[in-house]
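Read-outs: derived from the displayed coordinates by stated rules, not from any lab. Just so it is clear, the model here is predicted, and its values are computed rather than measured. A quick note on method: Cβ atoms are made from the backbone with ideal geometry, for glycine too, and the neighbour counts reach across all protein chains shown.
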Amino acid sequence: MMEIVKRKYVIPGDVITTGPYRLEQNVYQDGDRIISTSIGISEIYENAVRVIPLSGMYIPKTNDLIIGKVIGHSSLSWEFDINSCFIGFLPAQDVFGRDYSPTKDELKARLDKGDLVAARVANFDRSRDPLLTIQDRDLGKIESGELIKIAPSKIPRLIGKRGSMIQTIEMATKAIVTIGQNGLIVVSCEDPVGLLKAIEAVKMVDAQAHTPNLTERVKSMLGVELGENNDTINE
Amino acid sequence: MTQLMNENGIRCDGRRIDQIRNVSIKVGVLKNADGSAYIEFGKNKILAGVFGPRDVHPKHMADQDSGILRCRYHMSPFSVTERKNPAPSRREIEISKVIKEALQSAVILKDFPRTVVDVFIEILQADGGSRCAALDAASVALVDAGIPMRDMVSACAAGKVADKIVLDVNDEEDKEGQADMPVAYMPNLGKITLMQLDGILTPDEYKKCLETAIGGCKQVYEIQKKALMEKYFKNGEA
């Protein structure tokens, strides 16, 4: 369980290590040297090497939960701005079912320009734009909440180890935070004070994502007692 | 003609022959660009902004297998002593092309098919060696935008002035000197991505000039690295 994780700050071109390792994200091999391709934090664990990037755009991955904005539609599908270099496609069949017919159904009635939608990436590869789906629990149009945009590379930090960070924020503010892997976040809360606190906490994670003991500092900002065990927050 | 070097080997701006001008780089100076950098390389003042990866317009330029790189080097009308016509000149079009090619071998755009990465370089004040300084800024801006790269690109010129090989020629030495050789270099891979030569050198001088220029690139690399570290890792340890 407790494998040794070596961490280092790297910029493109920095040699992380030499030797036989499995290559993961943002690294490449030149001879026997393993070199970073991005600015970020390098990690060596379980014979694998990767770099967690600190900048960059969202690259869709199958099964990612994302938040997209409708930018238009054709007679067969909607197009989404998913905060990436690609446009997301949601086919009309996904919403209306197999018997969808362009003559009978009106796409605008369900989702219109500017609507925010929580969706999952159903399929994405190099040859086509990402295909989205809203056929799952908790997916579909987002009716209310406050939209925040943060760097997609900082989403893992916002979630935290086994969801510790986001649970801390949700428990302390009673807000519901929907996190899209593409860097868009919707916060909704009955209590306006809680809403502002939650937004502030998310922005704090965005600004200080690369610093240690962030959960502790978010806790003290939110007024949660320090040293409290994560298990008690989970109950 | 002004004297370019005195009897002690001190150049017209007070530098030794193996000394580069003062270089300072700031990362992330533009809010609206995906990545940006500002460099002061001696009296050169240059802004670089990077957009992308994003949709390609016009569409026919898109590559189905890979992303493409576009580059614009532009001098502001006020960047030189006499007003420069802002329309792209022959010289600017050529420099845009060589900068693009120097960066092309560093960026990895295989994972971004049908997209483009745009690099915009604006010369606010020119003082000789602006293409090298522009490349230095562009490379830092690309890293800031999170574009995957094989290595940083660091550039610096060397040349022949008053029969001596000197590092980092300035405007005056460029105009009056005997040769000017801009070099862009990937410091960790040890590869050259740009090499131009204006003037005449003997084979021995050529070798020495290239070595001198690469030495300059390595010095610039340290400054680029420091600038990036400053922005991204200012507080805290990994």
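Spacing of the modelled spin labels on B:Arg91 and B:Glu172, each 7 Å from Cα toward Cβ, amounts to 1.9 nm. Under conditions of 37 °C and 0.692 mPa s, the stretch B:1-147 yields 199 µm² s⁻¹ as its translational diffusion coefficient, taking Rh as the Kirkwood radius over Cα pairs in the Stokes-Einstein equation. I want to verify the translational diffusion coefficient of chain A in µm²/s; compute it with Stokes-Einstein, Rh as the Kirkwood radius over Cα pairs, at 37 °C and 0.692 mPa s. Translational D for this selection: 165 µm²/s. Largest GNM mean-square fluctuation among A:Lys61, A:Lys203, A:Lys104, using chain A with Cα springs under 10 Å: A:Lys104.
Nearest 5 is fine: what % of DSSP beta bridges in the stretch B:23-232 come out antiparallel, could you say?
Values: 39 of 47 bridges.
Restricted to the stretch B:23-232, the bridges split so that about 85 percent are antiparallel.
Note on A:Ser75/B:Glu230: beta-carbon distance plugged into 1/(1 + (r/R0)^6) with R0 of 56 Å gives a FRET efficiency of 0.60.
The simple Förster model, with R0 at 56 Å and r as the Cβ-Cβ distance, assigns A:Arg33 and B:Gln125 a FRET efficiency of 0.90. Please sort through the DSSP H helices of chain A and keep those with an alpha-carbon extent of at least 20 Å along the long axis and a Kyte-Doolittle average not below 1.0. Qualifying helices, which must be both long enough and hydrophobic enough, do not occur.
Treating the beta-carbon of each Lys and Arg as +1 and of each Asp and Glu as -1, no other charges, what is the dipole magnitude of chain B about its Cα centre, to the nearest 20 debye? Could the numbers behind the result be given before it?
On the way: 33 positive and 34 negative charges, 115 e Å.
My answer is approximately 560 debye.
If you plug the beta carbon distance of A:Lys113 and A:Lys8 into 1/(1 + (r/R0)^6) with R0 = 41 Å, you get a FRET efficiency near 0.35. Given axes a ≥ b ≥ c from the Cα gyration tensor, I'd like to know whether the stretch A:110-222 is rounded (a/c under 1.5), prolate (a/b larger than b/c) or oblate. Judged from the Cα gyration tensor, the stretch A:110-222 comes out oblate (a/c at least 1.5, b/c at or above a/b).
Tell me the net charge near A:Gly160. Cut-off is 12 Å between Cβ atoms, A:Gly160 excluded, with +1 for each Lys or Arg and -1 for each Asp or Glu.
Residues near A:Gly160 contribute +3 overall.
Residue pairs exceeding 32 angstrom between C-alpha atoms, taken from B:Lys59/B:Lys97; A:Lys154/B:Lys225; B:Lys191/B:Lys226; B:Lys164/B:Lys234; B:Lys191/B:Lys231: B:Lys164/B:Lys234.
Give me the percent of Cα-Cα pairs in the stretch B:99-172 that sit more than 22 Å apart, rounded to a whole number.
Numbers: 920 of 2701 pairs.
Of all Cα-Cα pairs in the stretch B:99-172, 34 percent lie more than 22 Å apart.
Where in the stretch A:173-213 does the amide nitrogen come within less than 19 Å of the point 7 Å from the Cα of B:Lys31, taken along Cα to Cβ? Those under the cut-off are A:200, A:203-204, A:206-208. Can you tell me what percent of all Cα-Cα pairs in the stretch B:72-136 are more than 17 Å apart? Counting every Cα pair in the stretch B:72-136, those more than 17 Å apart make up 44 percent.
Among A:Phe96, A:Tyr28, A:His73, whose Cα sits farthest toward the positive end of the charge dipole of the stretch A:1-140 (+1 at Cβ of Lys/Arg, -1 at Cβ of Asp/Glu, about the Cα centre)? Most positive-ward Cα: A:Tyr28. Label-to-label distance for A:Arg217 and B:Asp13 is 3.9 nm, based on points extended 7 Å past Cα in the beta-carbon direction. Near the amide H of B:Asp168, within less than 5 Å, lie the amide hydrogens of B:Ala157, B:Ala158, B:Gly159, all on another chain or at least 5 residues away, with H placed in the peptide plane.
Here is the size of the stretch A:65-141 from its Cα atoms: Rg then Dmax, 11.6, 34 Å.
Of the complete DSSP H runs in chain B, those spanning 15 angstrom or more by Cα along the long axis with a mean Kyte-Doolittle score not below 0.5 are B:130-144. The ellipsoid that matches the Cα gyration tensor of the stretch B:23-232 has semi-axes, each √(5λ) in whole angstrom, of 28, 19, 17, with the longest given first. Note on chain B: GNM, Cα springs under 10 Å; of B:Glu82, B:Glu172, B:Glu92, the largest mean-square fluctuation is that of B:Glu82. Note that the stretch A:6-53 carries a Kirkwood radius of 10.0 Å, evaluated over its alpha carbons pair by pair. Computed from label points 7 Å out along Cα-Cβ, the spacing between A:Asp191 and A:Ser164 is 2.4 nm.
In square nanometres, what is the average projected area of the Cα convex hull of the protein assembly as shown? Show your work: numbers first, answer last.
On the way: hull surface 114.8 nm².
The number I arrive at for the protein assembly as shown is 28.7 nm².
Estimated purely from DSSP H runs of n ≥ 4, each contributing -39500 (n - 2.57), the mean residue ellipticity at 222 nm for chain B is -9000 deg cm²/dmol once divided by its residues.
Estimated from helical segments only, the mean residue ellipticity of chain A at 222 nm is -6000 deg cm²/dmol, where each DSSP H run of four or more residues counts as -39500 (n - 2.57). Comparing A:Ser127, A:Ser77, A:Ser38 in a Gaussian network model of chain A, where Cα atoms under 10 Å apart are tied by springs, the biggest mean-square fluctuation is seen for A:Ser127.
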